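Report on the structure given below.
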Amino acid sequence: DDILEDNEKNFYESDDEEKEKTDKKKIPYVMDPDHRLLIRNTKPLLQSRNAAVVMAVAQLYWHIAPKSEAGIISKSLGMFEPYLKSFYVRSTDPTMIKTLKLEILTNLANEANISTLLREFQTYVKSQDKLFAAATIQTIGRCATNISEVTETCLNGLVCLLSNRDEIVVAESVVVIKKLLQMQPAQHGEIIKHMAKLLDSITVPVARASILWLIGENCERVPKIAPDVLRKTAKSFTSEDDLVKLQILNLGAKLYLTNSKQTKLLTQYILNLGKYDQNYDIRDRTRFIRQLIVPNEKSGALSKYAKKIFLAQKPAPLLESPFKDRDHFQLGTLSHTLNTKATGYLELSNWPEVAPDPSVRNVEVIEL
């Protein structure tokens with residue numbers, strides 16, 4: 001029987017497989033004494049009053065920690081919840097620290113603490129630092145995307161901000177609302193109507209363009225308002241920003257395809273204005289749209305698919321972190337802050353394949 005078992009083993013298992021099994025055996029890790037000494041002796045320095053010292057220790061821990069642990073830590077955010085208020089923004093914080101704290105609060109947000117955080121964010125929106133207020137609005141949008149239970153609450157809060165006196169706050173609110181409505185447009189016809197009414201008072205080009213895009217995408221849901229918006233923007237076409245002009249052209253094209261009876265002449269008027277615009281992008285877009293929606297002898301095969309091209313369902317956008325993909329730069333450097341390689345940036349050298357001789361770090365103590 002023993003001979004038979006040996007034969008079977010030799011038949012089914014090769015020497016390479018045996019070697020693989022041996023290689024897979026875990027070798028116990030032994031931390032280098034100097035490595036342990038470095039970690040232990042730098043920990044008390046986190047209590048230093050010197051911010052540069054604390055930053056240096058944080059950099060050290062970040063760069064010597066195994067990268068494989070980062071994914072595990074990012075999923076275990078519960079350990080930070082007791083210290084949530086430590087990440088609340090102070091009025092004395094510089095703008096960059098404020099945005100970093102917002103990022104941390106966004107990552108820590110969950111169903112249990114979101115109500116508290118939203119009340120905190122409402123205070124931040126009133127800040128005199130308008131860049132910070134705009135970043136807070138983006139944060140509210142990300143929370144609404146990540147936590148479905150508060151999507152409606154966040155959306156209603158952002159709609160209230162549309163009546164804010166500050167143009168930057170209104171513009172950012174419009175952009176975020178637009179992204180949220182893309183995820184569930186059928187349910188929010190009233191919000192789209194409300195935004196259309198605000199078009200006369202909003203002057204920031206990005207916000208105006210976002211409203212026009214939203215009306216164009218949902219022109220069949222607001223059949224009475226969309227043609228009137230096109231009529232108003234046709235009057236101001238020549239004085240609009242290029243970004244807004246492009247969206248007026250798109251709105252005209254979509255209404256021409258869905259409501260030709262009411263908007264045909266108006267769209268042709270806008271196309272004629274675009275034909276002689278100073279900006280070549282506007283002229284190119286005008287030519288492209290005219291060939292697609294107003295077919296003639298020279299029109300190609302694409303004109304048959306004009307509706308599919310202009311009225312295709314767009315994928316919902318992702319509200320991503322502004323700090324995404326920064327970990328390839330050394331922490332605390334100018335390149336890390338700007339998220340682009342600055343002149344003179346030196347990358348950290350790779351870990352050696354073989355550990356260097358520890359004796360080179362031994363220092364002789366001279367006895368006096």
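Every number in this text was worked out from the coordinates using simple rules, so none of it is lab data. Please read these numbers as outputs of a predicted model, since none were measured by experiment. Quick reminder, even Gly has a Cβ in these numbers, built from the backbone with ideal geometry, and neighbours come from all protein chains shown.
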Discussion item. With +1 assigned to the C-beta of every Lys and Arg and -1 to the C-beta of every Asp and Glu, and no other charges, what is the dipole magnitude of the chain about the Cα centre in debye, to the nearest 20?
Written reply: 3360
Discussion item. As an exercise, use a Förster radius of 35 Å and the Cβ-Cβ distance of Arg287 and Ile104 to find the FRET efficiency, rounded to the nearest 0.05.
Written reply: 0.10
Worksheet entry | Tyr61-Asp228 pseudo-label distance in nm [points 7 Å out on the Cα-to-Cβ vector] | 5.9
Item to complete: Note down the nm distance, to one decimal, between modelled labels 7 Å out along Cα→Cβ at Ile73 and at Leu37.
Response: 2.5
Discussion item. Report D for the stretch 79-183 in µm² per second (integer): Stokes-Einstein, Kirkwood Rh on Cα pairs, 25 °C, 0.890 mPa s.
Written reply: 178
Worksheet item: Listed highest first by mean packing, meaning other Cβ atoms within 10 Å per residue, what order do 341-353, 85-97 come in?
Response: 85-97, 341-353
Response to the item:
Here the Kirkwood hydrodynamic radius of the stretch 204-314, Cα-based and in Å, equals 13.9
Response to the item:
Relative contact order as a percentage, the stretch 204-314, C-alpha pairs under 8 Å and 6+ apart, gives 25
Discussion item. Among the listed pairs Lys178/Lys308; Lys126/Lys245; Lys224/Lys308; Lys179/Lys307; Lys232/Lys304; Lys254/Lys304, which have their C-alpha atoms separated by more than 20 angstrom in this model?
Written reply: Lys178/Lys308; Lys126/Lys245; Lys224/Lys308; Lys179/Lys307; Lys232/Lys304
Worksheet item: Which of the listed residues, Met183, Ala70, Gly344, is farthest toward the dipole's positive end in the chain, when Lys, Arg count +1 and Asp, Glu count -1 at the beta-carbon?
Response: Met183
Item to complete: Just round it to a whole percent: the fraction of Cα-Cα distances in the chain exceeding 30 Å.
Response: 59
Worksheet item: Taking the Cα centre of the stretch 79-183 as the origin, how large is its charge dipole in debye, to the nearest 20, when only Lys and Arg (+1) and Asp and Glu (-1) carry charge on their Cβ atoms?
Response: 200
Discussion item. Could you check the spin-label model distance between Lys264 and Lys126? Points 7 Å from the Cα along Cα→Cβ, value in nm.
Written reply: 5.5
Worksheet item: How large is the helix-only mean residue ellipticity at 222 nm for the chain, computed as the sum of -39500 (n - 2.57) over DSSP H runs with n ≥ 4, divided by its residue count, in deg cm²/dmol to the nearest 500?
Response: -18000 deg cm²/dmol
